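As structure tokens, the structure follows; a few thoughts come after it.
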Amino acid sequence: MVETAGYTNEEKLKVAEREVRQRFYVYPRRVEGKKMTREKADYEIAVMQAIVEDYRALAANERLL
């Protein structure tokens, strides 16, 4: 199991942002190859973008402290 404690919201934000970029790159090919529906790809990207926004707000609050 990977340890999850001790990472800042800024660190988590950077990883989540990278994941969004990766999904924009990979998912269209998965849809084209019929390994994923367009609806599922759109949903997965939207949820990860929401996570990015959550961490962006948390990181901004940390910088204020």
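Projected onto the charge dipole of the chain (+1 at Lys/Arg Cβ, -1 at Asp/Glu Cβ, origin at the Cα centre), which of L64, P28, T8 gives the Cα projection farthest towards the positive end? The residue sitting farthest along the positive end of the dipole is P28.
Counting only protein heavy atoms and using a 1.4 Å probe, what share of the accessible area of the chain belongs to carbon plus sulfur, as a whole percent?
Values: 3010 of 5260 Å².
Of the solvent-accessible surface of the chain, carbon and sulfur hold 57 percent.
Among E39, E11, E44, the order of accessible area from largest down is E39, E11, E44, computed with a 1.4 Å probe on protein heavy atoms. Rg and Dmax over the alpha-carbon atoms of the chain stand at 14.4, 47 Å.
Over the chain, what is the mean sequence separation of C-alpha contacts under 8 Å (at least six apart), divided by residue count, expressed as relative contact order in percent?
Details: 33 pairs, mean separation 31.8, N = 65.
It rounds to 49 percent for the chain.
What number comes out for accessible area per residue over the chain if the probe is 1.4 Å? Units Å², please.
Details: 5260 Å² over 65 residues.
That works out to 81 Å² for each residue.
Extension gain, V47-F24: 0.36 nm per intervening residue step, less the Cα-Cα distance, totals 7.0 nm. Rolling a 1.4 Å probe over the protein chains gives R56 an accessible area of about 90 Å².
Summing Cβ point charges (Lys, Arg +1; Asp, Glu -1) relative to the Cα centre of the chain gives a dipole of roughly 420 debye.
The values are calculated or read from the model by the stated rules, or taken from the named source; none is laboratory data. What you see is a predicted model, and the numbers here were worked out from it, not measured in a lab. Note that we place each Cβ from the backbone using ideal geometry, even for glycine, and neighbour counts take in every protein chain shown. Each accessible area value is taken on the protein alone, full model and side chains, heavy atoms only, with ligands, DNA and RNA left out. Shrake-Rupley method; radii C 1.70, N 1.55, O 1.52, S 1.80 Å.
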